[in-house]
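The values are calculated or read from the model by the stated rules, or taken from the named source; none is laboratory data. Bear in mind that the values here come from a model prediction, so they are computed numbers and not experimental data. Methodologically, a virtual Cβ is constructed for each residue, glycine included, from the backbone with ideal geometry; neighbour enumeration extends over all protein chains shown.
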Amino acid sequence: MSFFRKFVDSSKELGSVKTLAVCAMMLALRVVLGLFSNFTLALVPFVKIGFTFIPIVITAYLFGPVCAAIIAGAGDILAIILANPTAFSITPGITICCIIEGIICGAVLYKTELKLKTVIIAKVLVLVLCTLPLNSLVLCFLMHMPYWELFLYRTAVLVPFGAVEVAITMLMKKPLLKIHKSIA
(Lines give C-alpha, C1' and ligand atoms only; values in the text may rest on other atoms or scores of the structure.)
Protein backbone atom coordinates (compact mmCIF):
# COMPACT_ATOMS: atom_id res chain seq x y z
CA MET A 1 0.00 0.00 0.00
CA SER A 2 1.34 3.43 -0.87
CA PHE A 3 2.33 5.93 1.76
CA PHE A 4 -0.33 8.48 0.81
CA ARG A 5 -3.04 5.83 0.49
CA LYS A 6 -2.54 4.99 4.17
CA PHE A 7 -3.46 8.58 5.07
CA VAL A 8 -6.56 8.52 2.89
CA ASP A 9 -7.73 5.18 4.30
CA SER A 10 -6.92 6.28 7.85
CA SER A 11 -9.00 9.44 7.49
CA LYS A 12 -11.91 7.34 6.17
CA GLU A 13 -11.66 5.18 9.31
CA LEU A 14 -12.92 8.18 11.30
CA GLY A 15 -16.34 7.73 9.70
CA SER A 16 -16.97 4.49 11.58
CA VAL A 17 -18.65 4.44 14.98
CA LYS A 18 -16.50 1.45 16.01
CA THR A 19 -13.37 3.40 15.14
CA LEU A 20 -14.51 6.42 17.10
CA ALA A 21 -15.37 4.26 20.12
CA VAL A 22 -12.00 2.49 20.10
CA CYS A 23 -10.17 5.79 19.50
CA ALA A 24 -12.00 7.32 22.46
CA MET A 25 -10.85 4.42 24.64
CA MET A 26 -7.29 4.78 23.33
CA LEU A 27 -7.39 8.52 24.05
CA ALA A 28 -8.55 7.83 27.60
CA LEU A 29 -5.78 5.26 28.01
CA ARG A 30 -3.23 7.71 26.58
CA VAL A 31 -4.31 10.37 29.08
CA VAL A 32 -4.24 7.99 32.06
CA LEU A 33 -0.81 6.66 31.06
CA GLY A 34 0.36 10.24 30.52
CA LEU A 35 -0.71 11.12 34.04
CA PHE A 36 0.47 8.04 35.92
CA SER A 37 3.06 6.06 33.95
CA ASN A 38 5.68 8.68 33.13
CA PHE A 39 8.74 8.96 35.28
CA THR A 40 12.07 10.72 35.10
CA LEU A 41 15.41 9.44 36.19
CA ALA A 42 17.04 11.19 39.15
CA LEU A 43 20.34 11.61 37.33
CA VAL A 44 18.77 12.67 34.03
CA PRO A 45 15.69 14.79 34.86
CA PHE A 46 15.15 15.91 31.27
CA VAL A 47 14.44 12.39 30.03
CA LYS A 48 10.90 11.15 30.59
CA ILE A 49 10.22 7.45 30.27
CA GLY A 50 6.69 6.14 30.12
CA PHE A 51 4.21 3.89 28.44
CA THR A 52 2.14 6.43 26.53
CA PHE A 53 3.35 4.79 23.32
CA ILE A 54 1.02 1.81 23.88
CA PRO A 55 -2.30 3.43 22.85
CA ILE A 56 -0.52 5.25 20.03
CA VAL A 57 0.86 1.98 18.62
CA ILE A 58 -2.50 0.26 19.01
CA THR A 59 -4.30 3.10 17.22
CA ALA A 60 -1.60 3.28 14.54
CA TYR A 61 -1.88 -0.44 13.81
CA LEU A 62 -5.68 -0.54 13.83
CA PHE A 63 -6.61 2.79 12.24
CA GLY A 64 -3.55 4.40 10.71
CA PRO A 65 -1.56 7.62 10.85
CA VAL A 66 -4.41 10.14 10.98
CA CYS A 67 -6.12 8.49 13.94
CA ALA A 68 -2.81 7.84 15.73
CA ALA A 69 -1.75 11.47 15.29
CA ILE A 70 -5.05 12.67 16.76
CA ILE A 71 -4.74 10.33 19.76
CA ALA A 72 -1.09 11.31 20.34
CA GLY A 73 -1.66 15.07 20.10
CA ALA A 74 -4.97 15.23 21.95
CA GLY A 75 -3.67 12.83 24.59
CA ASP A 76 -0.63 15.00 25.24
CA ILE A 77 -2.73 18.15 25.60
CA LEU A 78 -5.38 16.52 27.81
CA ALA A 79 -2.78 14.89 30.07
CA ILE A 80 -1.11 18.29 30.61
CA ILE A 81 -4.42 20.01 31.32
CA LEU A 82 -5.53 17.31 33.76
CA ALA A 83 -2.13 17.09 35.48
CA ASN A 84 -2.13 20.74 36.42
CA PRO A 85 -5.32 22.60 35.50
CA THR A 86 -4.23 25.88 37.08
CA ALA A 87 -0.88 26.17 35.29
CA PHE A 88 -1.80 25.67 31.65
CA SER A 89 1.67 24.76 30.40
CA ILE A 90 1.30 23.11 27.03
CA THR A 91 4.53 23.05 25.05
CA PRO A 92 3.56 23.12 21.36
CA GLY A 93 6.91 21.69 20.28
CA ILE A 94 6.45 18.58 22.42
CA THR A 95 2.85 18.18 21.26
CA ILE A 96 3.97 18.43 17.62
CA CYS A 97 6.56 15.73 18.31
CA CYS A 98 3.80 13.53 19.75
CA ILE A 99 1.73 14.07 16.61
CA ILE A 100 4.72 13.21 14.40
CA GLU A 101 5.22 10.03 16.45
CA GLY A 102 1.63 9.03 15.73
CA ILE A 103 2.06 9.75 12.03
CA ILE A 104 5.26 7.73 11.79
CA CYS A 105 3.82 4.76 13.69
CA GLY A 106 0.66 4.84 11.60
CA ALA A 107 2.53 5.15 8.31
CA VAL A 108 4.68 2.13 9.16
CA LEU A 109 2.27 -0.16 11.05
CA TYR A 110 -1.13 0.46 9.40
CA LYS A 111 -2.33 -2.36 7.14
CA THR A 112 0.88 -4.33 7.53
CA GLU A 113 1.67 -7.58 9.26
CA LEU A 114 2.93 -6.88 12.75
CA LYS A 115 6.42 -8.37 12.49
CA LEU A 116 9.45 -7.67 14.64
CA LYS A 117 11.20 -6.00 11.69
CA THR A 118 8.27 -3.64 11.08
CA VAL A 119 8.00 -2.68 14.76
CA ILE A 120 11.76 -2.04 14.93
CA ILE A 121 11.58 0.15 11.82
CA ALA A 122 8.73 2.17 13.34
CA LYS A 123 10.60 2.64 16.63
CA VAL A 124 13.89 3.56 14.95
CA LEU A 125 12.13 6.11 12.73
CA VAL A 126 10.38 7.63 15.74
CA LEU A 127 13.67 7.87 17.64
CA VAL A 128 15.76 9.15 14.71
CA LEU A 129 13.25 11.57 13.19
CA CYS A 130 11.36 12.81 16.21
CA THR A 131 12.15 11.83 19.78
CA LEU A 132 15.89 12.39 19.80
CA PRO A 133 16.44 15.39 17.49
CA LEU A 134 13.17 17.34 17.74
CA ASN A 135 12.29 16.75 21.40
CA SER A 136 15.91 17.48 22.35
CA LEU A 137 15.74 20.73 20.38
CA VAL A 138 12.55 21.80 22.15
CA LEU A 139 14.00 20.87 25.54
CA CYS A 140 17.21 22.70 24.66
CA PHE A 141 15.25 25.96 24.42
CA LEU A 142 13.13 25.22 27.49
CA MET A 143 15.97 24.16 29.77
CA HIS A 144 18.72 26.42 28.39
CA MET A 145 21.09 23.48 27.99
CA PRO A 146 23.46 22.74 25.13
CA TYR A 147 21.73 20.73 22.42
CA TRP A 148 24.36 18.02 22.07
CA GLU A 149 24.53 17.43 25.79
CA LEU A 150 20.77 16.90 25.95
CA PHE A 151 20.85 14.81 22.79
CA LEU A 152 23.54 12.47 24.12
CA TYR A 153 21.93 12.03 27.55
CA ARG A 154 18.57 11.33 25.97
CA THR A 155 20.11 8.92 23.46
CA ALA A 156 21.83 6.96 26.23
CA VAL A 157 18.49 6.43 28.00
CA LEU A 158 15.91 6.33 25.20
CA VAL A 159 17.65 3.95 22.79
CA PRO A 160 17.76 1.09 25.34
CA PHE A 161 14.18 1.92 26.37
CA GLY A 162 13.26 1.72 22.67
CA ALA A 163 14.15 -1.98 22.85
CA VAL A 164 11.72 -2.31 25.76
CA GLU A 165 9.02 -0.57 23.72
CA VAL A 166 9.60 -2.97 20.81
CA ALA A 167 9.35 -5.93 23.17
CA ILE A 168 6.10 -4.64 24.71
CA THR A 169 4.66 -4.02 21.24
CA MET A 170 5.51 -7.56 20.19
CA LEU A 171 3.83 -8.89 23.35
CA MET A 172 0.67 -7.07 22.22
CA LYS A 173 0.71 -8.81 18.81
CA LYS A 174 -1.82 -11.61 19.53
CA PRO A 175 -4.34 -9.36 21.33
CA LEU A 176 -4.02 -6.78 18.55
CA LEU A 177 -4.72 -9.38 15.89
CA LYS A 178 -7.86 -10.49 17.79
CA ILE A 179 -9.03 -6.90 18.19
CA HIS A 180 -8.34 -6.19 14.53
CA LYS A 181 -10.45 -9.18 13.45
CA SER A 182 -13.30 -8.28 15.79
CA ILE A 183 -13.62 -4.67 14.63
CA ALA A 184 -13.10 -5.36 10.92
For region 39-51, indicate whether the set of residues that are assigned to a helix (DSSP H, G or I) and either in contact (Cβ under 8 Å) with a residue 24 or more places away in the chain or not acidic (Asp, Glu) (or both) is non-empty. no
Selection over region 108-129 where residues are assigned to a loop (DSSP other than H, G, I, E, B), within 13 Å of residue 173 (Cβ to Cβ) and in contact with a helix residue (DSSP H, G or I) (Cβ under 6 Å, 6 or more places away or on another chain) yields a count of 2
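Condition (residue is touching a Gly at 6+ places or on another chain (Cβ under 7 Å) and either assigned to a helix (DSSP H, G or I) or touching a residue at least 40 places away in the same chain (Cβ under 8 Å) (or both)) applied to region 130-151: is it met by at least one residue? Outline the logic, then answer.
Step one: list which residues in region 130-151 are touching a Gly at 6+ places or on another chain (Cβ under 7 Å), which gives 138.
Add one more test, that the residue is either assigned to a helix (DSSP H, G or I) or touching a residue at least 40 places away in the same chain (Cβ under 8 Å) (or both), and what stays is 138.
Yes: one or more hits.
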Take the residues in region 1-11 that are more than 16 Å from residue 55 (Cβ to Cβ) and assigned to a helix (DSSP H, G or I); name whichever of them is modelled with the lowest pLDDT. 3
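So that you can scan it fast, the table gives a plain yes or no per residue for (1) part of a helix (DSSP H, G or I); (2) without any contact (Cβ under 8 Å) to a residue 12 or more places away in the chain; (3) over 10 Å from the mean Cα position of the chain (by Cα):
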| position | (1), (2), (3) |
| --- | --- |
| 20 | yes, yes, yes |
| 58 | yes, no, no |
| 72 | yes, no, no |
| 93 | yes, no, yes |
Filter region 49-69 down to the residues that are among the β-branched types (Val, Ile, Thr) and surrounded by 20 or more Cβ atoms within 10 Å (Cβ to Cβ), then identify the one that is modelled with the lowest pLDDT. 52
What residue, of 33, 14, 27, is in contact with a Ser or Thr (Cβ under 6 Å, 6 or more places away or on another chain) and either surrounded by 14 or more Cβ atoms within 10 Å (Cβ to Cβ) or modelled with pLDDT of 90 or more (or both)? 33
